[in-house]
Amino acid sequence: MRRLVILGGGAGGTMMLNKFYNVLDKNEWQFTIIDEYETHYYQPGFLFIPFGMYTKKDVIRPKRDFFPPGVEVILEKIQLIDPDKNRIILNNNAVVSYDYLIIATGCKIDPSETEGLKDDLWHNSIFDFYTIEGALKLANFFRHFDEGKLVLHITEMPIKCPVAPLEFVFLADWFFTKKGVRDKVEISFVTPLPGAFTKPKAASVLGDFLQKKNIQLIPDFSIERVDNENKQIISYDNIKVNFDCLVSIPTNKGDEVIARSNLGNELNFIPTDKETLLAKGFDNIFVIGDAADLPTSKAGSVAHFASDILFENFLDVIEGKPPKAKFDGHANCFIESGFGKGILIDFNYDVEPLPGKFPLPALGPFSLLQETAMNHYGKIMFRWMYWNYLLKGVELPIESHMSMAGKRA
């Protein structure tokens, strides 16, 4: 019996487990998935909670609902990954050996990286929406917030879902307009980037939206600390931004077990071959999703497209062949723009988001780099697709490689 061990029962780990369980011979393979927590979170849904669009029950399910029968499920914290001996050491000192390993440990926010961020005002007038706790507390705060300075701040890149902060301020504009207090709420978008997004064409479009919605863009802001007493964020070059409510996207880091195992970079992301998805230096360890240091977005769509490539390469590797499939960094993201509309971007390692139609040339039904009601419905529909198709490893009629069909350069 050969043993496939998957670390992490989030989107990436669950997708890979289901894909391999459906094709590998059960008489020859043992499947083990290890995760510390029982609950699966639909993380894209956290964005909607502060605005009353989703509740907690909309974004949680038991992880076991998505694991196939016959799989060994271990709910325990991972103490160490020991690739030299092909084994995992758990917090209870149990040892799990493997023949092949898939690391899908994701990433999480670390507000302690910024001085003063996780201080007296944390979850009082400083919030995050990258955790269920932060999103719920912010939803409660917004019930009574009718005037003042609302500041959205990104600490540093990379972050999970790089467009989520933009979506947040767009939805805030809609939310406070609907409440009838938009003229009393100043909204600022503070970023370490030189513009609204990392890609020029998309940055231009999204920057225009910020301007049209009267959202102040403060670029090139490298935060040094948060002054809780005076309610300010302060940059290294002493630029000060006042806030009444600060919504922070703290430093995103890979899981602590990656650091303990000396497998990651300074942010605990694993050096990963961007095409084969093998962990660099290993021929039996693959990495999927946010745990990897790939030069593309940390987003569910990337994990989905990458899962097809990892699947093909894994089947090559276990037969003693070199991995042939190459991941192109394909990502697509629906961007909520408020008022029942959205924007769609589709890109990869080499091609920035371009205008056009997706997925069918000329027909769509989704328009690229254009605000439409259909794109909003696509975003809302994705939650159903996530629970019913993506996690179960079901093939979708969208190619893993990005297509130029329908795009206009």
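Worth pointing out:
- Selection status of Lys201, at pLDDT below 95 and surrounded by fewer than 23 Cβ atoms within 10 Å (Cβ to Cβ): yes
- Residue satisfying condition, being over 18 Å from the mean Cα position of the chain (by Cα) and not aromatic (Phe, Trp, Tyr), within set Met53, Met16: Met53
- Condition check for Gly207: touching a Pro at 6+ places or on another chain (Cβ under 7 Å) and at pLDDT below 95: no
- Among the candidates Thr39, Thr105, the residue that is at pLDDT 95 or above, closer than 24 Å to Leu315 by Cβ and of a type in the set (S, T, N, Q) is uniquely Thr105.
- Taken over region 281-325, residues that are within 23 Å of the chain's Cα centre (by Cα), among the charged types (D, E, K, R) and assigned to a helix (DSSP H, G or I) amount to 2.
- Filter result (of a type outside the set (A, V, I, L, M), surrounded by 16 or more Cβ atoms within 10 Å (Cβ to Cβ) and touching a Lys or Arg at 6+ places or on another chain (Cβ under 8 Å)) within region 52-105: Phe66, Gln79, Tyr98, Tyr100
- Number of residues in region 91-139 that are assigned to a helix (DSSP H, G or I), among the acidic types (Asp, Glu) and in contact with a strand residue (DSSP E or B) (Cβ under 9 Å, 6 or more places away or on another chain) equals 1.
- Summed over region 106-117, the residues that are surrounded by 15 or more Cβ atoms within 10 Å (Cβ to Cβ) and hydroxyl-bearing (Ser, Thr, Tyr) give a count of 1.
- Residue that is most open to solvent (accessible area, probe 1.4 Å), among those in region 367-400 that are basic (Lys, Arg) and not in a loop (DSSP other than H, G, I, E, B): Arg383
- Scanning region 140-174 for residues that are under 20 Å from Ile215 (Cα atoms), open to solvent by less than 10 Å² (accessible area, probe 1.4 Å) and either without any contact (Cβ under 8 Å) to a residue 60 or more places away in the chain or part of a loop (DSSP other than H, G, I, E, B) (or both) yields Val163, Val169.
- Test: residue in region 351-363 that is small (Gly, Ala, Ser) and within 20 Å of the chain's Cα centre (by Cα): no
The values are calculated or read from the model by the stated rules, or taken from the named source; none is laboratory data. Quantities reported herein were computed from a predicted structural model and do not represent experimental measurements. We place every Cβ from the backbone using ideal geometry, glycine too, and count neighbours over all the protein chains shown. The area values use the complete protein model at the heavy-atom level, side chains included, leaving out ligands, DNA and RNA. Shrake-Rupley method; radii C 1.70, N 1.55, O 1.52, S 1.80 Å.
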